[in-house]
1. Test of understanding: among A:Asn185, A:Asn179, which residue is in a helix (DSSP H, G or I), open to solvent by less than 60 Å² (accessible area, probe 1.4 Å), in contact (Cβ under 8 Å) with a residue 12 or more places away in the chain and in the same structural domain as A:Ser258 (by TED's automatic domain parsing)?
2. In the stretch A:60-115, which residues are open to solvent by less than 60 Å² (accessible area, probe 1.4 Å) and among the hydroxyl-bearing types (Ser, Thr, Tyr)?
3. Across the stretch A:182-228, what is the number of residues that are hydroxyl-bearing (Ser, Thr, Tyr) and over 25 Å from A:Ile100 (Cα atoms)?
4. Please report, ordered by residue number, the strands (runs of 3 or more DSSP E) entirely within the stretch A:335-376 with at least 3 residues that are among the hydroxyl-bearing types (Ser, Thr, Tyr) and either modelled with pLDDT of 90 or more or more than 16 Å from RNA strand B (Cβ to nearest atom) (or both).
5. Scanning the stretch A:161-176 for residues that are touching a residue at least 60 places away in the same chain (Cβ under 8 Å) and either part of a loop (DSSP other than H, G, I, E, B) or not hydrophobic (A, V, I, L, M, F, W, C) (or both), which turns out nearest to A:Arg276 (Cα to Cα)?
6. For the stretch A:3-51, enumerate the residues that are within 17 Å of A:Ala103 (Cα to Cα), within 14 Å of RNA strand B (Cβ to nearest atom) and open to solvent by 80 Å² or more (accessible area, probe 1.4 Å).
7. Go over the candidates A:Leu384, A:Leu379 one by one and state the one that is more than 30 Å from A:Phe135 (Cβ to Cβ) and either charged (D, E, K, R) or part of a strand (DSSP E or B) (or both).
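The values are calculated or read from the model by the stated rules, or taken from the named source; none is laboratory data. Please read these numbers as outputs of a predicted model, since none were measured by experiment. All Cβ positions, glycine included, derive from the backbone under ideal geometry; neighbour counts span all protein chains shown. Just the protein is used for accessible areas: all its heavy atoms, side chains included, with ligands, DNA and RNA removed. Shrake-Rupley method; radii C 1.70, N 1.55, O 1.52, S 1.80 Å.
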Amino acid sequence: MIDLKLLQKEFDTVSKKLMRKGVDEKLLEKVKVKFEELKEAKVNFESLQAAQNAMSKEFGVYKREGKDISELKAKVDENKIRIADALEVQRLRQEELEKIAMAIPNIPDDDVPDGEDEESNVELGRVLTPKEFSFTPKEHWELAEQNGWIDFESGVKLAGSRFSVAYDMGAKLERALINFMLNYNAKKGYTEVSVPHIVNRKALEGTGQLPKFEDDLYKIEGQELFLIPTAEVPLTNLFQDEIIPADNLPIKMTGYTSCYRKEAGAAGRDTRGIIRQHQFHKVELVCITKPQESEAIFDDMVKTASEILTALELPHRLVNLCTGDLGFGAAHTTDIEVWLPGQNTYREISSISNTRDFQARRAKIRYKNGKKNELVNTLNGSSLAVGRTIVAIMENYQNEDGSITIPEVLKPYMGL
RNA sequence: GGAUCUUUGGCAGAGUUGGUCGAAUGCACCGGUCUUGAAAACCGGCGAGGGUCACACCUCCCAGGGUUCGAAUCCCUGAGGAUCCA
């Protein structure tokens, strides 16, 4: 949720920034007006309420003194009707405002490049040089099938398209990577947390997936519960409605979960292989920080994710997402893209975002700053998407005969 | 699945004949006095959100609804916890 007071106070500045992210200025104008109308309704309601409270107090006095209360009661009854009306007006305005305000994305940072889509993302740097192959490298689905690591037919049999089943070394690699990543993150000071894969509506509203993106979530029938699209949701919402002592910050967490996404908007994209699945494994980083230290933590998160790829000797690059590619809740995002020789391109394997106080405002996550309670900053990032890491390993470690060498660092995790 | 009890501020714990209760008290915490320093003792502060320059004022005592001029206090529903029964 954006800061409505800020929007009201500095409308021109804020709206200009939001327009960069494609938000219609007319909508913002509307939000501003609605916000002012709501305030007005509130003042009206509250003053009526105050009168009511005062009169009710008088009742006690009258009764004790044995005075006649019929006149007072008439006044109070009349006021009561007005209160009911005023409350109704306030309620309606509140609802209206929330409906549109909740759908407004976070304000992008000034240094986020302008752009429509990933074409305008800006490369920040490259780590490791892709190696030259003496043969034409294959794509991962071919290698996966050839080695018997991943079977797509089985996935379809059990659940449908965009599901797959991992066998033998493929399955082991998955498990090894999860452990390797969690251990690495733990070494970097991230506390490992194991969370539910099912959460309620409030949690998803807190991190911004709801109300806007309900179509992309798997909902449990008959209940207000959803499968998580990312561990970011439970991890961040652990602190929903909390006031965290300043000494406890920063909170650095890492957690492994499966992620469940309908991929409603991705029809036809990445239909081959396991780049885009309805269910995938991911090791996540989530941090909760004071506002002034969130950028330092952000850098630490990017570094941590990048180091894992380096340890796996996978060439990758860092990319600063442009406004059009930026997620709903992010103020800025750095993507890590791993080199896929089979596809001859870099593909996203991690996405690290600073949401600043956008989620904190929705989820009411605050910290004690001296006497005051202030909103924290929340950050999240993958370190890493497990399936895509396997894709990268398959393509980068492939041999001419189609066999795949297991990265050294993972061998101990695979019983090799 | 049934019965009874229970749900209050960071924790503990009053409040249960509805009014001056946003809530006693203790602990914890913060500031101060005292002390070479610390402890103890004493003094003061100390829930949250909105609102205001600051007050005032409004809201919140698990959630939702109801009774009432007025509810933490009464009634209903739901959720969590404890105990007993099956």
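1. A:Asn185
2. The one that is open to solvent by less than 60 Å² (accessible area, probe 1.4 Å) and among the hydroxyl-bearing types (Ser, Thr, Tyr): A:Tyr62.
3. Result for the stretch A:182-228: 4.
4. A:345-354
5. If we take residues in the stretch A:161-176 being touching a residue at least 60 places away in the same chain (Cβ under 8 Å) and either part of a loop (DSSP other than H, G, I, E, B) or not hydrophobic (A, V, I, L, M, F, W, C) (or both), then A:Arg162 is nearest to A:Arg276 (Cα to Cα).
6. A:Lys5
7. A:Leu379
Residue-wise test of (1) in a helix (DSSP H, G or I); (2) over 20 Å from A:Ile336 (Cα atoms); (3) at pLDDT below 95.
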{"position": "A:Lys80", "(1), (2), (3)": "yes, yes, yes"}
{"position": "A:Ala103", "(1), (2), (3)": "no, yes, yes"}
{"position": "A:Glu123", "(1), (2), (3)": "no, no, no"}
{"position": "A:Lys131", "(1), (2), (3)": "no, no, yes"}
